[in-house]
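Structure first, commentary second.
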Amino acid sequence: MNLHEYQGKEILASFGVGIQRGIVAQTADEAVAAAKSLTETTGTGWHVIKAQIHAGGRGKGGGVKLAKNLDEVKTIADQIIGMQLITPQTPPAGKPVHQVLVAEDVYYPGESEPSEFYVSVLLNRANGKNMIMYSTEGGMDIEKVAEETPHLIFTEEIDPALGMQGFQARKVAFNLGLSGKAFKEMTKFITSLYNAYVSSDSSLFEINPVLKTSDDRIIAVDAKVTIDDNALYRHKDYVELRDKREENPIEVEAGEVGLNYVDLDGNVGCMVNGAGLAMATMDLIKQAGGSPANFLDVGGTADAARVETAFRIILKDPGVEAILVNIFGGIVRCDRVAQGIVDAYKNMGDSIKVPIIVRLQGTNADIAKELIDNSGLDVQSATAFQEAADKVQQAVG
Ligand code: GDP
Ligand code: MN
């Protein structure tokens with residue numbers, strides 16, 4: 001589960017990680033009230049207004065702006081809330097902004113260049129260890145740094161059984177070129193950040209930038225936090241942080257009826273049972289020169305009602321030009337699935353406007369094929385994997 005910046009920062013702060021303070025606002029008036037109340041606690045009259053969407057690169061897209069007084073807070077918040085924000089990480093049409101974070105300005109004006117670092121904590125799946133990835137080149141595109149100057153990105157691996165050792169936090173602070181108070185503060189920052197990552201059962205923390213202020217405080221100015229869904233049952237208070245407006249609406253709908261749907265960019269809708277068969281089916285479509293639009297895992301029970309729901313969900317994607325049903329009848333018999341497909345098709349009448357190719361293998365596959373072939377519907381059967389892929393390819397041209 002991905003979080004908004006303001007939610008991620010709240011979690012960091014709850015574990016004692018230093019953050020740029022801020023208050024979230026849904027309207028321009030709320031933004032002004034937030035700025036006033038921030039000034040009372042921080043003393044600064046300058047604020048930064050930050051669009052809250054689940055995508056990075058907001059600064060570049062015009063979603064992060066500095067306001068020097070309350071009038072500017074109002075105008076800028078007014079302009080950002082409701083805008084369609086386009087960044088390198090959003091879909092081409094951008095994402096609507098529903099709320100802004102009003103934050104204290106921590107880049108003290110008139111000071112020499114502030115130091116912006118990059119720090120992330122993530123799981124290295126290759127060796128089962130946690131990893132701190134960090135760089136002196138924070139604030140801008142870390143992807144570009146990784147590509148052009150990879151030697152400027154450091155990693156520190158942490159054995160989850162041992163936890164982070166003191167020398168590791170110090171090594172990070174040292175490699176970031178810090179000394180004196182800033183060195184100590186960075187050591188504390190890294191230690192509490194790692195503790196927050198483990199305790200919140202996150203799979204990713206990406207803090208870019210981490211800022212060294214001119215008075216040598218170390219704080220998180222941005223926060224990208226991903227919580228491991230499988231651990232959410234241990235964090236009931238995090239469940240409500242989910243913002244469904246940020247997720248793919250078809251995926252949300254499928255999840256609500258217990259179907260596992262994954263949206264992709266191509267033109268062939270895939271109805272399968274089991275994740276392994278889904279992967280194989282997508283490989284097959286690709287090999288035949290096509291491109292999957294999505295895949296939907298119907299799981300163990302593929303009766304008419306479930307198949308119909310699955311068809312309706314797949315057809316919500318306007319990119320779908322054909323549907324490939326590829327189901328292995330192990331626990332569920334193929335003839336039952338075939339009957340489900342025929343019934344669902346008849347039920348849906350003319351709402352199905354794309355050709356459907358069905359490959360059913362396993363128990364009673366022969367009866368299933370007969371059922372499909374004799375249905376009189378625009379449904380083609382296929383027996384071999386390759387045959388199915390070729391028929392799909394013909395269907396989409
Ligand atoms: P992103 O573009 O989505 O990664 O959003 P960030 O939260 O990283 O903000 C983008 C940029 O805005 C940062 O890299 C900073 O340079 C700048 N920024 C953030 N907070 C402040 C602030 O308090 N004052 C000033 N002047 N700039 C800020
Ligand atoms: Mn950032």
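The values are calculated or read from the model by the stated rules, or taken from the named source; none is laboratory data. Keep in mind that this is a model prediction, so the values were computed, not measured. All Cβ positions, even for glycine, are placed from backbone atoms using ideal geometry, and neighbour counts span all protein chains on display. Surface accessibility is based on the protein's heavy atoms, side chains included, excluding ligands, DNA and RNA. Shrake-Rupley method; radii C 1.70, N 1.55, O 1.52, S 1.80 Å.
Given the range 248-396, what whole percent of its Cα pairs are spread farther than 27 Å? Roughly 9 percent, once rounded to a whole number. Of the trypsin sites (Lys or Arg not before Pro) found in the range 117-154, those that fall in a DSSP loop while having at most 13 other beta-carbon atoms within 10 Å are ARG125. Contact order for the range 21-105, expressed relative to its length and based on alpha carbon pairs under 8 Å spaced 6+ residues apart, stands at 43 percent.
Below 8 Å, C-alpha to C-alpha, sequence gap of six or more: please give me the relative contact order for the range 248-396 in percent. Once divided by the residue count of the range 248-396, the mean separation gives 24 percent. With angles folded into 0 to 90 degrees, how steeply does helix 166-175 sit against the dominant principal axis of the chain? Use alpha carbons for both and round to 10. Its long axis makes an angle of about 80 degrees. Taking 0.36 nm per residue of sequence separation and removing the Cα-Cα distance, the LYS129/GLN165 pair yields an extension gain of 11.6 nm. Applying 1/(1 + (r/R0)^6) with R0 = 35 Å to the Cβ-Cβ distance of ILE153 and ASN248 gives a FRET efficiency near 0.70.
With a threshold of 26 Å on the Cα-Cα distance, the over-threshold entries among LYS74/LYS95; LYS129/LYS188; LYS212/LYS244 are LYS212/LYS244. Helix 275-287: angle to the longest alpha-carbon principal axis of the chain, degrees 0 to 90, nearest 10? The angle comes out at about 80 degrees.
Calculated on C-alpha atoms, the gyration radius of the range 21-105 divided by its Kirkwood radius gives an Rg/Rh of 0.98. The base-10 log of I(q)/I(0) for the chain, evaluated at q = 0.08, 0.12, 0.14 Å⁻¹, reads -0.57, -0.97, -1.13 [Debye formula, identical scatterers on Cα atoms, solvent excluded]. Per residue, the accessible area of the chain comes to 47 Å², computed with a 1.4 Å probe over protein heavy atoms only.
Peptides 224-230, 44-50 ordered by packing proxy, namely the average of other Cβ atoms within 10 Å per residue, highest first: 44-50, 224-230. Across the accessible surface of the range 21-105, with the other protein chains kept in place and a 1.4 Å probe, carbon and sulfur atoms take up 56 percent. Helical content alone sets the calculated 222 nm signal of the chain at -11000 deg cm²/dmol, taking -39,500 (n - 2.57) per DSSP H segment of four or more residues and averaging over every residue. Computed extension length for ALA146-ARG21: 42.1 nm, one decimal, from 0.36 nm per residue of separation with the Cα-Cα distance subtracted. Remark: spin-label model distance ASP29-GLU256 equals 3.1 nm, labels positioned 7 Å along the Cα→Cβ axis. Ordering of 248-256, 184-192 by packing is 184-192, 248-256, highest average first (other Cβ atoms within 10 Å, averaged per residue).
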